[in-house]
Ligand code: HEM
């Protein structure tokens with residue numbers, strides 16, 4: 001799995017994630033609120049309770065953040081997550097919307113310490129994960145989509 005981050009950027013992301021972990025529920029709530037403001041069409045794709053979903057999202061993010069310098073250890077997990085997201089109906093462009101929403105939520109939680117270098121590091125971390133999720137989903141076309149093709 002190809003990382004887009006330098007070692008220093010990995011450290012920045014990890015240190016800032018430690019700061020937001022105690023308020024992970026608030027970060028997740030802001031993330032989903034912003035996500036649905038940016039694209040209300042995404043809302044119906046979420047079937048389970050958003051609080052529960054927020055916990056799952058932040059837990060997987062924690063795993064990924066911890067493994068930023070050792071991405072190969074989580075490649076299988078990230079690829080499976082990407083394939084499941086295709087089944088939920090998530091398209092590649094939705095990852096851009098989610099990146100914007102997550103950066104917003106982190107900025108809201110971290111305040112002025114969320115400066116440009118931290119923002120860039122987080123954008124890179126999200127890109128790194130998204131790229132692998134999207135690639136895995138594209139390598140395994142969803143059966144529903146395959147059926148629609150002639
Ligand atoms: C780094 C990127 C992401 C992570 C770590 C992540 C994490 C998760 C996790 C852990 C789940 C629980 C179910 C499972 O494990 O399969 C989930 C479900 C889901 N995610 Fe994500 N996700 C990411 C990106 C996205 C994006 C970009 C979207 C759409 C904009 C999205 C929409 C959904 C939806 C619709 C579900 C299903 C919820 C349900 O079952 O009701 N996710 N995600």
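The values are calculated or read from the model by the stated rules, or taken from the named source; none is laboratory data. Note that the structure is predicted; figures quoted are calculated from it, not measured. Quick reminder, even Gly has a Cβ in these numbers, built from the backbone with ideal geometry, and neighbours come from all protein chains shown.
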Matching option when the condition is assigned to a helix (DSSP H, G or I) and either loosely packed, with under 14 Cβ neighbours inside 10 Å or at pLDDT below 95 (or both), among 52, 14: 52
Residues of segment 90-110 that turn out to be outside any helix (DSSP H, G or I) and either near the ligand (Cβ under 7 Å from one of its atoms) or in contact with a strand residue (DSSP E or B) (Cβ under 7 Å, 6 or more places away or on another chain) (or both), as a count: 1
Hits in segment 72-95 - residues which are touching a residue at least 24 places away in the same chain (Cβ under 8 Å) and under 23 Å from residue 17 (Cα atoms): 72, 74, 75, 78, 79, 81, 82, 94, 95
Selection from segment 33-49 of residues that are surrounded by fewer than 16 Cβ atoms within 10 Å (Cβ to Cβ), part of a helix (DSSP H, G or I) and within 8 Å of the ligand (Cβ to nearest atom): 45
Subset of segment 59-87 (residues that are surrounded by fewer than 17 Cβ atoms within 10 Å (Cβ to Cβ) and closer than 25 Å to residue 26 by Cβ): 59, 60, 62, 63, 66
Residue, farthest from residue 118 (Cα to Cα), within segment 56-71, restricted to residues that are more than 9 Å from the ligand (Cβ to nearest atom) and free of Cβ contacts under 8 Å to residues at least 40 places away in the same chain: 70
Within segment 72-89, tally of residues that are more than 9 Å from the ligand (Cβ to nearest atom) and on the phi > 0 side of the Ramachandran plot: 0
